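In what follows, a single structure is set out as structure tokens and then discussed.
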Amino acid sequence: SQQGEEDPQALSIQEGENATMNCSYKTSINNLQWYRQNSGRGLVHLILIRSNEREKHSGRLRVTLDTSKKSSSLLITASRAADTASYFCATDGGGITGGGNKLTFGTGTQLKVEL
Amino acid sequence: KAGVTQTPRYLIKTRGQQVTLSCSPISGHRSVSWYQQTPGQGLQFLFEYFSETQRNKGNFPGRFSGRQFSNSRSEMNVSTLELGDSALYLCASKGSGGGGYGYTFGSGTRLTVV
């Protein structure tokens, strides 16, 4: 089963605007990661935030993590048409449940950036 | 550095048949995990192999199995295919060294069961 929900399910914005996606999860985590997927292809790792971090930046990406609320948000600033994709959060609980690597994904947000 | 390679890219099978999918991880990565993606269930974890041993298994029936070879390449097998097994199957590799790294995914194998 999936870890949690992402909202919104779909988001349509104009090029140059900012896009914010939210993710909630259910269990304790080692870290939380965000991935992008273009048109049903493979997932591309965007950014990872550890459970003891609150905010992280990478280029036009900003991720926040609130472990007390079990939630995270991904902000893409100055969006471009090329950012059109599905975005997934994933929690990595490896080590907590006895070892091994296992990602538990959210439901995803479909982002469309229009010219 | 070559990425994660999955073969074949597309596959069409008939109900009741079996299928084997292959995944070659990034050189040096010993962890390979498999995921199933469907419109209804989203991305679901199947299993993970590390140094030829299955370390984690998701909630899938026994028809889904896998293995890993000494060169870290992995295969997953689905027997007695059902229509509901139609999905994008993704594999991911991960290096060792703690939990501070993301996973590298292959482009996936699109399986259609007819």
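The values are calculated or read from the model by the stated rules, or taken from the named source; none is laboratory data. On a predicted model such as this, the values are computed, not experimentally measured, just so you know. As a convention, Cβ positions derive from the backbone with ideal geometry for all residues, glycine included, and neighbour counts pool all protein chains shown. The area values use the complete protein model at the heavy-atom level, side chains included, leaving out ligands, DNA and RNA. Shrake-Rupley method; radii C 1.70, N 1.55, O 1.52, S 1.80 Å.
Before moving on, here are some points about what is shown:
- Of the GluC sites (Glu not before Pro) in the stretch B:1-92, the ones in a loop by DSSP (not H, G, I, E or B) with at most 16 other beta carbons within 10 Å are B:E52, B:E82.
- Karplus-derived 3J(HN,Hα), 6.51/-1.76/1.60, for each residue of the stretch A:46-61, Hz, glycine and proline x: 9, 6, 10, 10, 7, 5, 9, 9, 10, 8, 8, 10, 8, x, 8, 9
- Put simply, the amide H of B:T5, placed in the peptide plane, has neighbours under 5 Å in B:S24, leaving out anything fewer than 5 places away on its chain.
- Per-atom-type breakdown for the protein assembly as shown gives carbon and sulfur 46% of the accessible area (1.4 Å probe, protein chains only).
- Distance from the stretch A:36-115 to the stretch B:1-67 (C-alpha centre basis), Å: 22 Å
- Over 24 Å (Cα to Cα) - which of B:K13/B:K94; A:K26/A:K112; A:K69/A:K102; A:K56/B:K57 fall in this group: B:K13/B:K94; A:K26/A:K112; A:K56/B:K57
- Under-5 Å amide H pairs with A:T107, H placed in peptide plane, nonlocal only: A:G4, A:E6
- Loop-resident sites, the stretch A:27-115, for trypsin sites (Lys or Arg not before Pro), counting at most 14 other Cβ within 10 Å (DSSP): A:R54, A:R60, A:K69, A:R80
- Long-range HN-HN contacts of A:T84 with modeled amide H, under 5 Å: A:V113
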